[in-house]
Every structure is written in C-alpha cells, then in structure tokens.
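The values are calculated or read from the model by the stated rules, or taken from the named source; none is laboratory data. Remember, predicted model here, so these are calculated numbers, not experimental data. Here the Cβ positions follow ideal geometry from the backbone for every residue, glycine too, while neighbour counts run over all protein chains shown. Note: accessible area is taken over every heavy atom of the protein model, side chains too, but ligands, DNA and RNA are not part of it. Shrake-Rupley method; radii C 1.70, N 1.55, O 1.52, S 1.80 Å.
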Amino acid sequence: MRYSKSFVKTLRSAPKDETARGAQYLARAGYVHKELAGVYDYLPLGLKVLDKIKTIIREELDAIGCQEVLMSTLQNPEPWQKTDRWDIKKMDIWFKTQLAAGGELGLAPTHEEPFTNMMKTYISSYKDLPVYTYQIQTKFRNELRAKSGIMRTREFIMKDLYSFSANMEEHDRFYHKAEIAYQKIYDRLGIGNDTYQTFASGGVFAKYSHEFQTLTDVGEDTIYYNQDKSVVLNEEVLNDEVLAELGVKRSELESAKAAEVGNIFTLKTKYSEPLGLEFTNQNGERQTVVMGCYGIGVSRVMGVIAEKYADEHGLVWPEQIAPYQYYLIGIGNAGTQKAEELYNKHQDVILYDDRDLRPGNKFADAELLGIPYRIVLSDKTLAEGKAELTNRATGESKLVTIEELAF
Ligand code: ATP
Ligand code: MG
C-alpha cells in the first residue's frame, strides 16, 4: 500500500480514556477507531491483522475436520428459554432487541443454543455423527466494564466451534485434537511461548475445562504455575483437592497475570438434553448427542498481542500477523526512485511511505505502526548498492543488497 493513498493517518494522541499502552497505540497508529466505550471499528490496517489471525485459525481447524458456517446474530429466544438462559437474571450480559410487530430477539452473546437447536434438523442417526462446526462472528455482551481497548469489549469477534459426538470416547478423541490445534494456532500467532493451557472450572458436567491464557501485565486473570510450567491452573480451581489431584503443592506455585485468549469445554449433554438433540444408535435406541464447545477471542488476541509486544515507540507485530512485512522509505532522488521501483514489484507486502514528510517523521511512524522490517533506500545506501534493513523487534540494522531482501 501507498501511504499517501490511505485515508488513515497516525494521530498524535489516543482517546483520553484509553489507558492501556497497546490500546493507545492501536488508536494512534490507525488500526482501530473507538466508536464508544467497548465498541470499536477496524480500519484497513486493523482489518488486515484480524484477517491474518482468522486465516491461521481457519487453516488449523479445517485441518482437524471442522467445517465453517455463519450463524445469525439475531437470535430466537425459544431455545434459550428451554435451557433457562434467556432470563437476564441467569445471564446478565444479554443485549436484547424488539421486533416491530412485537416480541423480543437476542443479539448473539454466544451460540450453544442456536447450534444445538439447528442440529436437530440435520442429526437423526449415528450415521450423521460426528459433526464439527465453527464460525468466526460478532458477539454482543453487555459487559459491566469495557477494559484494555479491544481486549474486553461489548461487541467483539469470536471463533466458536461446537462438536457433536455419539459418545464420550468419540468426544474425548476430538477434544484432544482441538487441544493440539489450539496450541498450533497460538504458536503460529506468535504467542505460543507465553500461552499456557490451564485447568479451569468445568461447570457441572466435566471436572475441568481448559483455558488458554497468555501472560501479560494487562491481563484480568491470575494463573498459577510450577517451575517447569507443566501444571498451570486458574485461580478459581486453586484448592487443596485440586492441588492433590494434580500432584503439586501450593508452595511450589508462582502466580502471573494473564489474559484468556481461548477455552475448550466438555458440555456433555448440558444443551443437547434440554433442547432434545438426539440420534438413533446402531441398536435402534434413542441417545442424546454429546457436545463440546471451543472458543477463541479473535479480536482479544489482537489486543493481547498489541499490548504484549509494544515498546516505548509503538506496536511490534509478529511477522505472521503483521499487516505488511516491510515499511519502505526512500530518501533523496535516487532513493525515492529506487523505492518506487521496489514498491511496484512487491505491493502486497510493502507499506510504502511516499508522503512528503521529513525522514524523521517517517521513522517515527514506522515504529508506531510496528511493521516487522523497515527498508530505507538513500543516496548513502545506494552508493554501496544496498538498502538499510531494520528489524522492529530487535532494533538491529544492517545493509543488504536488494536481492537479499526475502520477498
Ligand atoms: P472472560 O472470562 O474473559 O469474560 P468468557 O469466559 O466469558 O471470558 P467465553 O464466553 O468462553 O469467554 O468466550 C470465548 C472467548 O472469547 C474467551 O476466551 C475470550 O478470549 C473472548 N472474549 C470473551 N468475552 C470477551 C469480551 N467481552 N471482549 C473480547 N473478547 C472476549
Ligand atoms: Mg465473560
């Protein structure tokens, strides 16, 4: 992209009430625009990052046999009434709206009920199982407090996957595949080393659920881990019984702040039972479908990465999800001419700062935007037939030939 053609410009200041550093940078660098508290718009650069995150998630889920769908965001109250979650006293984060002709609809906070209900149309025999369906979609939650920019919002993008299995053995096999796929996803997103699968409370139907927690000072959760991090648990399950079962002592655990970037749940028949999702087994008997649900906070992941890797100059994107790989600056006549040439050849990976600005301003914006590599072409570098290549994360610069730039 040519910077001068983008409608987005970097801003000198972030919205006043934006306190987290990464959130301030996302606003100042033009990735997101704050609509109101807990509600954000994604601008061209932000949308590119989101799309890259989504692509990684899709590739890993498709690889374990999942199919993508897109459910409606307007929801029918009926299935929610059957599971007793329509009442605002049971689920306090509902946004609801009215039909012109009378009657209420819900604005999707999550999708267990609609998915379970829909599957009654398509699952009737053991031959129809298993089914693994997911979507990447907007969720609405009337959170009491929005926090840390796009990390906790009232409208956000979630990937939610639901598994439908004939029995617990089949369910457990898939659950394990999902655990591995999740680890791969966080690895590819660039946060694998700091993301831990934790034991979390499982509700009524399974002993534990698992969360994926990324270490970050702005995280809302506290996790506990032993030295080699082979046991990591959430605060809510930190009790004597659980510690004994996991074979660790309280004194062996350290704590850290973390943000929940995903979770996986064994639901068993929590939703299929009240909604009557059944199938006929090989012996002709009716049986209730066993379910699991698997979430990833797509927009929260973007917020966590923005917070976690920012430094005093701006954002620092991992290469895999950066909107562009190179931030290109040409200085002087020869430098600018060479930059134009390079940009024309590799438009899809380069953000070319062709604005009529002093180099110092461009360097500052290159850092604020967090593009992984900066390329500077000037009379000085070209005298040696080279370009200056600077790594945003390490700050290291070196002179390389154009051919050495790995496009
Ligand atoms: P939390 O404890 O943070 O409120 P949750 O248990 O309500 O999360 P789920 O309903 O399981 O979360 O949603 C799946 C994922 O969606 C979470 O792991 C998280 O990454 C993300 N998420 C949940 N609530 C929000 C929100 N208000 N804003 C942004 N992302 C969210
Ligand atoms: Mg919540």
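Protein heavy-atom accessible surface, 1.4 Å probe, per residue over region 357-407: 53 Å².
Taking 0.36 nm per residue of sequence separation and removing the Cα-Cα distance, the His176/Arg12 pair yields an extension gain of 54.3 nm. Karplus-derived 3J(HN,Hα) values for region 54-65, using 6.51 cos²θ - 1.76 cosθ + 1.60 with θ = phi - 60°, are 4, 4, 4, 4, 4, 4, 6, 6, 4, 5, 9, x Hz; glycine and proline are entered as x. Under a GNM of the chain (C-alpha, springs under 10 Å), which listed residue has the highest mean-square fluctuation: Ala23, Ala206, Ala393? With Cα springs under 10 Å in the chain, the top fluctuation among Ala23, Ala206, Ala393 is at Ala206.
With q set to 0.13, 0.17, 0.23, 0.24 Å⁻¹, the log10 of I(q)/I(0) for region 269-316, from the Debye formula over equal scatterers at the Cα positions, is -0.54, -0.63, -0.83, -0.86.
Taking label positions 7 Å along the Cα-Cβ direction at both Ser230 and Thr19, the computed distance is 4.0 nm, reported to one decimal. Whole-Hz Karplus values for region 244-253 come out as 4, 5, 8, x, 10, 9, 4, 5, 8, 9 Hz, taken residue by residue from phi with 6.51 cos²θ - 1.76 cosθ + 1.60 and θ = phi - 60°; glycine and proline positions read x. In this structure the amide hydrogen of Arg154, modeled in the peptide plane, comes within under 5 Å of the amide hydrogens of Val39, none closer than 5 places in sequence on its chain. Under a Gaussian network description of the chain, with springs only between Cα atoms under 10 Å, the residue in Val349, Val49, Val232 that fluctuates furthest is Val349. Each label point was placed 7 Å from the Cα along the Cα-to-Cβ direction; for Asp379 and Ser125 their separation is 8.0 nm. Tally up the carbon and sulfur contribution to the accessible surface of region 256-321 as a whole percent, 1.4 Å probe, everything protein left in place. Using a 1.4 Å probe with all protein chains present, region 256-321 comes out at 40 percent carbon and sulfur.
On a per residue basis, region 1-141 carries 52 Å² of accessible surface, using protein heavy atoms and a 1.4 Å probe.
Between amide H atoms placed 1.01 Å from N, distances below 5 Å from Thr198 occur with Glu211, Phe212, Gln213, all of them 5 or more places distant or on a separate chain. For His313, put the label point 7 Å out on the Cα→Cβ axis and report which residues of region 373-390 keep their amide N under 13 Å from it. Counting backbone N atoms under 13 Å from the label point, the list is 373-376, 389-390. Note on region 98-241: Kirkwood hydrodynamic radius from all Cα pairs is 18.1 Å, rounded to one decimal.
Note that region 138-184 shows a convex hull volume over its alpha carbon atoms of 111 Å³ per residue. The length gained on full extension between Glu220 and Met71, counted as 0.36 nm times the residue separation minus their Cα-Cα distance, comes to 50.7 nm. Each Lys or Arg adds one and each Asp or Glu takes one away; over the other residues whose Cβ falls under 13 Å from the Cβ of Tyr224, this sums to -2. Around the amide H of Asp354, modelled in the peptide plane, lie the amide H atoms of Tyr3, Ser4, all under 5 Å away and 5 or more residues distant in sequence or on another chain. Compared with the dominant Cα axis of the chain, that is its longest principal axis, helix 359-369 is turned about 10°. Here is how the number arises for the chain: DSSP H runs of 4 or more residues each give -39500 (n - 2.57), the sum is divided by the residue count, and the result at 222 nm is -8500 deg cm²/dmol.
Counting charges near Pro77 (Lys, Arg +1; Asp, Glu -1) among other residues having Cβ under 14 Å from its Cβ returns a value of -1. Under the criterion of Cα pairs below 8 Å and six or more residues apart, the relative contact order for the chain equals 17 percent. In this simple spin-label model, placing a label point 7 Å from the Cα along the Cα-to-Cβ direction at both Ile64 and Asp187 gives a separation of 1.3 nm.
Between helix 168-188 and the chain there is an angle of about 10 degrees, using the helix long axis and the longest principal axis of the Cα atoms.
Applying the Karplus relation 6.51 cos²θ - 1.76 cosθ + 1.60 with θ = phi - 60° to region 254-259 yields 3J(HN,Hα) values of 10, 10, 8, 7, 8, 10 Hz, where x marks Gly and Pro. Summing charges over neighbours of Lys257, with a neighbour being any other residue whose Cβ is under 9 Å away from its Cβ, gives -3 when K and R count +1 and D and E count -1. Pairwise alpha-carbon distances in the chain exceed 38 Å for 31% of all pairs. Comparing Val304, Val218, Val242 in a Gaussian network model of the chain (Cα springs below 10 Å), the most mobile by mean-square fluctuation is Val242.
With only Cα atoms counted, region 345-407 has Rg and Dmax values of 11.6, 29 Å. From the alpha carbon centroid of region 156-184 to that of region 356-407 is 43 Å. Treating r as the C-beta distance of Leu357 and Gln287 and R0 as 45 Å, the FRET efficiency rounds to 0.10.
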